[in-house]
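One structure is given here, and the rest of the page talks about it.
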Amino acid sequence: MTEDKIQKHFMEEFPTEPPVSEPERQYYFIQRAREDLKKMSEAAGRPLTFCVTTFGCQMNARDSEKLVGILEEIGYIEEPDEEKADFVIYNTCTVRENANQRVYGRLGQLGRIKKKNPHMMIALCGCMMQEPEVVEKLKKSYRFVDLIFGTHNIFKFAELLATRMESGDMVIDIWKDTDKIVEDLPSERKYSFKSGVNIMFGCNNFCSYCIVPYVRGRERSRNPRAIIREIERLVADGVVEVMLLGQNVNSYGKTLEEPITFARLLKEIEKIEGLERIRFMTSHPKDLSDELIQVMAESKKICTHLHLPVQSGSTRILEKMNRRYTKEGYLELVRKIRAAVPDISLTTDIIVGFPGETEEDFQETLDVVRQVRYDSAFTFIYSRRTGTPAAVMKDQVPEDVVKDRFNRLLEEVQRISAEMCARYEGTVQRVLVESVNEHDESLMTGRMSGNLLVHFPGDASLIGKFVDVSLDECRGFYYLGKMTEGKTE
Ligand code: SAH
Ligand code: SF4
Ligand code: F3S
């Protein structure tokens, strides 16, 4: 199977020189890495294993699937336990400082394990690697790392790995930015029935607190035909739900040669036969159009869930954040969405303690939380990111004040989301069965269109199927229930 896939890219003979064009070049290096790995396995006297550990957001999760796809093509065997694997890859996140600290902590631990395993290799990639200070620190104090690459050249993984295997030296390759999108590389999905699909990369918004535009580069949209083709292939392979991914999906298509709106793209995706559910994230309020709201209202496949990060309820702070909407504008948007899609679940991201945030500003945030009544909200303590405009703003808020606000916000968010969750009690909902319950093997876990989870008696044969479940008991942010009939599909 693997050989076939590689062969497909070389219609005639396997080339002796690396091809210049992508993805052929990477398939060439996959083949070379296969041969290198074979020798390494023979020397070790056993098959070699890998473990990819992902930090951060859905983008990174999707990137990790691409890394896994390539590693499996090369012939590595997956080992879920990081401490036992021969090749450990950290796909890192740097959105908040604590994400970075976690990586350094775990890396120290890995260094100790590597001393005992002569066949072990460690690779670091992802957003943290796009920060020059990080790479400097790694070069100085973490010499045992074998391979370092960034977000823009992840498609080159096979080539970099083959280079490392053949040279034995630490390989570092970081690109500052790129306008390149390489299609058609292998990828291994975590779930057989659902998949993330990148529709765009990078971000042009430069919210003043955020490092993502610096580490993920300028906004680039994939060609709609490439997206549709990928989804069609996924559906043919058993996928029934897709999550369209981008830092700001609402501005999809604007930079393409033939511009197209996100709403139009959704309409095209909706036509794909066999695809049952469409999700997307993240939506930036400033770019959420009436056209999109209408498409959502008319769609049979788009899920009744919208993640709409508000960040702050204070117009003054929103301006300093460079979010380009006001409190009133945001609330009006919410009103329009609820009018068009009455049972929509709304979720959000909120930052507390942005520089200059006063108690009054914070009260505005609480007010938005109470007015919108989110189904759930991710709450973050503001983290100062070097290089962003907010990092040098005056009036950084003292830690104890931020902690106190954070706790008050969390309490309000949780109280409301428990009430919101409970509104479906006693109803029957169609769910996509995702997994066996982690704590109780007799229960299955299904996801509703609005993104809530329900646990109910069943067996693993239901995974990937849609079933109707009665929501008997709300447990705060999830349900216990039972199936009302057999499989619906
Ligand atoms: N593109 C998405 C968000 C990506 S980052 C959007 O604009 O909605 C995910 C979340 O991390 C953000 O919504 C924000 O709430 C949070 N975040 C980003 N930078 C942060 C920082 N410096 N400190 C604290 N939280 C931050
Ligand atoms: Fe960061 Fe703003 Fe871009 Fe989201 S839209 S990734 S918060 S800069
Ligand atoms: Fe983190 Fe990079 Fe995502 S910084 S949140 S992994 S885009």
> In sequence order, what are the phi-derived ³J(HN,Hα) couplings for the stretch 331-336 according to the Karplus relation 6.51 cos²θ - 1.76 cosθ + 1.60 with θ = phi - 60°, rounded to whole Hz, with x for glycine and proline?
Replying inline: 5, 5, 4, 4, 4, 4
> Unpartnered cysteines of the chain (Cβ-Cβ under 4.7 Å counts as a partner)?
Replying inline: CYS51, CYS57, CYS93, CYS125, CYS127, CYS203, CYS303, CYS421, CYS474
> Please identify the chymotrypsin sites (Phe, Trp or Tyr not before Pro) of the stretch 203-248 that satisfy two criteria: DSSP loop assignment and at most 14 other Cβ atoms within 10 Å. Which are they?
Replying inline: PHE206
>> Give me, ordered by chain and number, the residues 5 or more places off MET200 or on other chains with an amide H under 5 Å from its own placed amide H.
In response: ARG222, LEU245
>> Under 5 Å between amide hydrogens, which residues at least 5 positions from MET444 or on another chain qualify, with H placed 1.01 Å from N in the peptide plane?
In response: ASN437, PHE456, GLY458
> Hey, what do the phi angles of the stretch 63-80 turn into as Karplus ³J(HN,Hα) couplings, whole Hz, using 6.51/-1.76/1.60 and θ = phi - 60°, x for Gly and Pro?
Replying inline: 4, 4, 4, 5, 4, 4, x, 5, 4, 5, 4, 6, x, 6, 9, 6, 10, x
> Where nothing but the Cβ of Lys and Arg (+1) and of Asp and Glu (-1) is charged, how large is the charge dipole of the chain around its Cα centre, in debye to the nearest 20?
Replying inline: 820
> Rolling a 1.4 angstrom probe over the protein heavy atoms, how many square angstrom per residue are accessible across the chain?
Replying inline: 46
>> Suppose we keep just the DSSP beta bridges with both residues in the chain; what percent of those would be antiparallel, to 5?
In response: 35
> Which peptide among 71-78, 387-394 comes first, and what is the full order, when sorted by highest mean count of other Cβ atoms within 10 Å?
Replying inline: 71-78, 387-394
> Probe 1.4 Å, all protein chains in place: accessible area of VAL436 in Å², nearest 10?
Replying inline: 60
>> Rounded to the nearest percent, how much of the accessible area of the chain (1.4 Å probe, protein heavy atoms only) is carbon and sulfur?
In response: 51
> Going through the stretch 119-166, which trypsin sites (Lys or Arg not before Pro) have at most 15 other Cβ atoms within 10 Å and a DSSP loop state?
Replying inline: ARG143
> Ordered by residue, what ³J(HN,Hα) values in Hz, to whole numbers, does the stretch 235-246 give under the Karplus form 6.51 cos²θ - 1.76 cosθ + 1.60, where θ = phi - 60° and Gly and Pro are x?
Replying inline: 5, 4, 9, x, 7, 10, 9, 10, 10, 7, 10, x
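The values are calculated or read from the model by the stated rules, or taken from the named source; none is laboratory data. Everything numeric here is computed off the predicted structure, so don't read it as measured data. Methodologically, a virtual Cβ is constructed for each residue, glycine included, from the backbone with ideal geometry; neighbour enumeration extends over all protein chains shown. These accessible areas exclude ligands, DNA and RNA; they are computed on the full protein's heavy atoms, side chains included. Shrake-Rupley method; radii C 1.70, N 1.55, O 1.52, S 1.80 Å.
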